[in-house]
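Structure first, then comments.
The values are calculated or read from the model by the stated rules, or taken from the named source; none is laboratory data. No experiment lies behind these values; they were computed from the predicted model shown. Here Cβ is always computed from backbone atoms with ideal geometry, including for glycine, and neighbour counts include all displayed protein chains. The protein model used for the area step is the full one, side chains on, heavy atoms only, and it has no ligands, DNA or RNA in it. Shrake-Rupley method; radii C 1.70, N 1.55, O 1.52, S 1.80 Å.
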Amino acid sequence: MFTVIGERINTTLKKVKAATAERDAAYIRGDVQKQQAAGATYIDVNAGARIGHEEDDMQWLLSVVKEATRLPLCLDSPDPAILEMAYGMVDQPPMINSISLEKDRFDPMIHFLKGKECRIIALCMDDSGMPKDVDDIFSRAKTLVEELEGIGFKRNDIFIDPLIQPISVAAENGTMAMDAVEKIMTELKGVHTTGGLSNISYGLPQRKVVNRIFLSMMMARGFDSAIMDPLDTEIMAVLKTSTMILGQDNFCMNYLKAVRAGSIIA
């Protein structure tokens, strides 16, 4: 099953930031329920955009989101103290976004994660900066998996983010991400891969078209999760169709169900 991490409850988005500042619970509830209906697996909650308000905003958002859905949540913050507070508020094991190999982030996150029941997004970032090639991505992924296994995490609970970079910056960034996903999924059996899908199209026109095609190509290499907008009906249609073509939809039942529901239209 492909894991869709619904990205929309994020205060970097203007409407969410305004709704959070104004404590507009109806807007947040409505968006969460739409994401759930569209097929989200997790609802990502990020309250980091309003400087000085992250703790209060995260508490408020979580209280509203929990009332709106029974889906598990993805707690999204670079601050272990915020994550500790948020972890104490959820009713079922969450996903944590995220850990990296940057020392200032890695050590406190490892301390926070010890003994926690959760899944974890692990970014292939270290103190030298963004990865430069497939071997660089894989080396970091391998280290992250070893470190997380060392504190008790199972591979099924580890989601490696190879750090998708804009193709507008370097022509090879698309193939680098695809090759890295294939290598991770082949050589680190049992882990998952995820990432911010829309990063690939940054700086380009008609970004949604780029994102949709890139998703299908990534899935063909083993990509089995994405941080994405489930309300983009076209990309969800691509997801369901690609799942079928990859042989992961017995008798095409989910595809046919989606067609009958009107969510896949030529």
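Out of region 61-168, which GluC sites (Glu not before Pro) are coil in DSSP terms and have no more than 16 other C-beta atoms within 10 Å?
Loop-located and lightly packed - GLU102, GLU117.
Just to confirm a number: summing +1 for Lys and Arg and -1 for Asp and Glu over residues other than MET253 whose beta-carbon lies under 13 angstrom from that of MET253, what do you get?
Neighbourhood net charge equals +2.
Hey, how many Å between the Cα centroid of region 130-159 and the Cα centroid of region 231-251?
So the separation of the two Cα centres works out to 27 Å.
For GLU102 and THR175 in one chain, what is 0.36 nm times their gap in residues minus the Cα-Cα distance, to one decimal in nm?
Working it through step by step, the gained length comes to 23.8 nm.
Rounded to the nearest whole Å², what accessible area per residue is found for region 32-77 with the 1.4 Å probe?
40
For the chain, set up a Gaussian network in which alpha carbons nearer than 10 Å are linked by springs, and say which option among GLY88, GLY30, GLY39 fluctuates the most.
For the chain, modelled as a Gaussian network with Cα springs under 10 Å, the answer is GLY88.
Nearest 500 deg cm²/dmol is fine: what mean residue ellipticity at 222 nm does the chain get from its DSSP H runs of n ≥ 4 alone, each adding -39,500 (n - 2.57), divided by its residue count?
-14500 deg cm²/dmol
If amide hydrogens are placed 1.01 Å from N in the peptide plane, which non-local residues have theirs closer than 5 Å to the one on ASP161?
Residues meeting the amide H criterion: ALA122, LEU123, CYS124, THR194.
In square angstrom, rounded to the nearest 10, how much accessible surface does ILE265 have for a 1.4 Å probe?
130
Report the GluC sites (Glu not before Pro) located in region 152-235 that are in a DSSP loop and have at most 13 other Cβ atoms inside 10 Å of their Cβ, or state none. Could you put the intermediate results ahead of the total?
Numbers: sites: GLU172, GLU182, GLU187, GLU234; in loops: GLU172.
Sites meeting the loop and neighbour criteria: GLU172.
How much of THR12 can a 1.4 Å solvent probe reach, expressed as accessible area in Å² and rounded to 10?
Near enough 100 Å² of accessible area.
How many percent of the accessible area of the chain is carbon or sulfur, using a 1.4 Å probe?
53
What Kirkwood hydrodynamic radius do you get for region 93-231 when you take the inverse of the mean 1/r over all pairs of distinct Cα atoms, in Å?
For region 93-231, the Kirkwood estimate is 15.2 Å.
Can you list which of the trypsin sites (Lys or Arg not before Pro) found in region 161-249 are DSSP loop residues with at most 12 other C-beta atoms within 10 Å?
Hits after loop and neighbour filter: LYS189.
For Rg/Rh (Cα atoms, Kirkwood Rh), one of [x] 1.02; [y] 1.06; [z] 0.95 was computed from the structure I shared and the rest are decoys. Which label?
Calculated Rg/Rh (Cα atoms, Kirkwood Rh): the matching label is [z].
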